[in-house]
Amino acid sequence: METITISQAPQHVGETVKIGVWLTDKRSSGKIAFLQLRDGSGFFQGIIRKNDVDEATFEAAKHDLHPETSFVVTGEIAEDKRSKFGYEIHINDLEIVGQSDEYPIGNKEHGIDFLLDHRHLWLRSRKPWALMRIRSQVKLSTMEFFDKHGFTQFDAPILTSSAPEGTTELFNVDYFDEDAYLSQSGQLYGEAGAMALGRIYTMGPTFRAEKSKTRRHMTEFWMIEPEMAWCHEEESEEIQEQYVAYLIQDLIDKCPTELEMVGRSVESLKPFTELPYPRITYKEAIEMLQKGGMDVKYGDDFGAPEETFLADQFNKPVFIKNYPRSIKAFYMPTDPEDAQQVICADLLAPEGYGEIIGGSERSYDYEYITSKLEENGLSKEDYGWYDDLRKYGSVPHSGFGMGLERFLSWVTLQDHIRENIPFPRMLNRLRP
Ligand code: ATP
C-alpha cells in the first residue's frame, strides 16, 4: 500500500493509502468521528465509522487522540466538495505514534505575547502555515524571475567591518580583536558582484538595531537586493515593477488556497499585476501631502502616515522619485535637474503597507564617491575596495532592495510584519 501526503490526495481518489498525520481537532457523535488532520503538506478531514474499524480503534479515536497527537492512518481517499481542501479519508486503521500533552494553543483567542512565546507550536496552525507557504513561494518566484532576466544569485557577507550608514542601527559583534557588525544591507558587495557578473541579486537576512517598535520594522529581516551594471534608474524601476507583478501573478496561480486562508482574495490582487505603476517625484509628493493638510516641508523624510496618505491617492504601488540628498545614502548620484536631489525611487505599497522597495542609481564617479566617503568619515581601510569599483572601469549601475517581509505583509494583509517570518526578532523578542 502506498504512503502519500495530504497534498497528493487528488491523485489517489478511490485508493486505500497510508498517511502520517497530526490531529488538529475532532468531533464525534455516536457511531462516527470526524478528525481534522494535517501533515505539513495540507489539511483535510478523516472520517471513522464504528462499523469500519475494530472496537479498540474506534475508542482510541474518540478518547486517546488529543490535539497534536501524531498517528498513521490507513484509509480510502474520497472527494469532499464541502471542504476547501476538496478531499477526505475514510479511515479503517489508525496507529498512534506520538501522544500529545494538553496542547497550549486552542480554538479560543490567545494574546499575541502568548502566541509569540509559543511560536514554535503556533507555526502548526493554519494561518502561519499558509503564510510560510506564501513566503516560500515568493522566494522561489524571486529566483525564477531573476534567472529568467539573466541575473546571477550572489551572496554578500553577513559579518562586515564597517558601517556605511552609521553605527547606531548596527549590531556590534566581537570579531576576535576587532569590532565587526551584522550586515544591514548586501548592496555595496552586490555592486562588486555586478561589476563581475553584470546582473546579480542577493537574498538573505539583514540586521538593524532599530529601537523603533512599529508594525513595519524588525531587527532581523530578509532583503532581496538586485544590482545591475550598465543600468540607469528608469530601467531599474521597470525591473522592479515587473518583479513585483511577477511575484503577485505567481501567488495568484500557485497559492490561491493559502491566500484565501489568510483572508486575501485573488481578485483584489489582480490589479497589481497590471503595469506600469504610477510615478511621482518627491516634490509632487510634498505638494500632495500639503494639499491634504499634512504638516510636511521639503527635506522631510516620510513616516508611516505620509506613506499611507500618498499610497491612498493611487490604487497601485507608486514610485516616489528623486528625494533630497540630505535624507538618502551617500552613494546616490546627483539629480541633473536639481542638485539638491539624488536619482532614486522608493516604491510604496498600496493599502497602507508603506515602503516595500528602496532603490537608486549608484554614482560611478570616482571623485564623487571618494569625497562622499570622506564626508561620511568612512575610512580607506574599510572602503578602499568600494572606491576601486570606480577606479577600474566604472560603469553606470543601479539597484534596489525589497524587504521580503514588507512585501509579504502587504500581499497577505497582515497587520504586523512579524507574522511573515518564522521566528521574528524585534526589540523585545529574541526567543524562541
Ligand atoms: P524605512 O524608512 O521604512 O524604515 P529604510 O528607508 O530604512 O526603510 P532601506 O534601507 O531602503 O529602508 O531598505 C530597503 C527595504 O528594506 C525597505 O524598503 C523595506 O522594505 C525593508 N526594510 C527596511 N528596514 C526594515 C526593517 N527594520 N524591518 C523590515 N523590513 C525593513
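Here are the numbers:
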quantity	calculated
Matching strands (runs of 3 or more DSSP E) fully within segment 87-201 where at least 3 residues are among the aliphatic types (A, V, I, L, M) and surrounded by 17 or more Cβ atoms within 10 Å (Cβ to Cβ)	87-98
Scan of segment 244-278 for residues that are over 17 Å from R133 (Cα atoms), touching a Leu at 6+ places or on another chain (Cβ under 8 Å) and not small (G, A, S), ordered by number	V244, L269, Y277
All positions within segment 1-32 that are surrounded by fewer than 16 Cβ atoms within 10 Å (Cβ to Cβ), in contact (Cβ under 8 Å) with a residue 40 or more places away in the chain and not in a strand (DSSP E or B)	M1, P10, G14, E15
Residue count for segment 347-380, restricted to those that are polar (S, T, N, Q), within 27 Å of Q240 (Cα to Cα) and in contact with an Asp or Glu (Cβ under 8 Å, 6 or more places away or on another chain)	1
Within segment 216-237, considering residues that are more than 16 Å from the ligand (Cβ to nearest atom) and surrounded by 18 or more Cβ atoms within 10 Å (Cβ to Cβ), the one nearest to H416 (Cα to Cα)	M228
Hits in segment 358-383 - residues which are of a type in the set (F, W, Y), under 32 Å from the mean Cα position of the chain (by Cα) and either within 16 Å of the ligand (Cβ to nearest atom) or more than 21 Å from E235 (Cβ to Cβ) (or both)	Y383
Residues being within 30 Å of N428 (Cβ to Cβ), more than 12 Å from the ligand (Cβ to nearest atom) and touching a residue at least 60 places away in the same chain (Cβ under 8 Å) - total across segment 185-215	1
Residues located in segment 329-357, provided they are of a type in the set (D, E), away from the ligand (no atom under 16 Å from the Cβ) and in a strand (DSSP E or B)	D335, D338
Residues of segment 369-388 satisfying the condition of being charged (D, E, K, R) and over 20 Å from K328 (Cα atoms)	K380, E381, D382, D388
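Quick note: the coordinates plus some simple rules give every number you see, no bench work behind them. Everything numeric in this text was worked out from a predicted model, so none of it was measured. Heads up, the Cβs are rebuilt from the backbone with ideal geometry, glycines too, and the neighbour counts pull from every protein chain shown.
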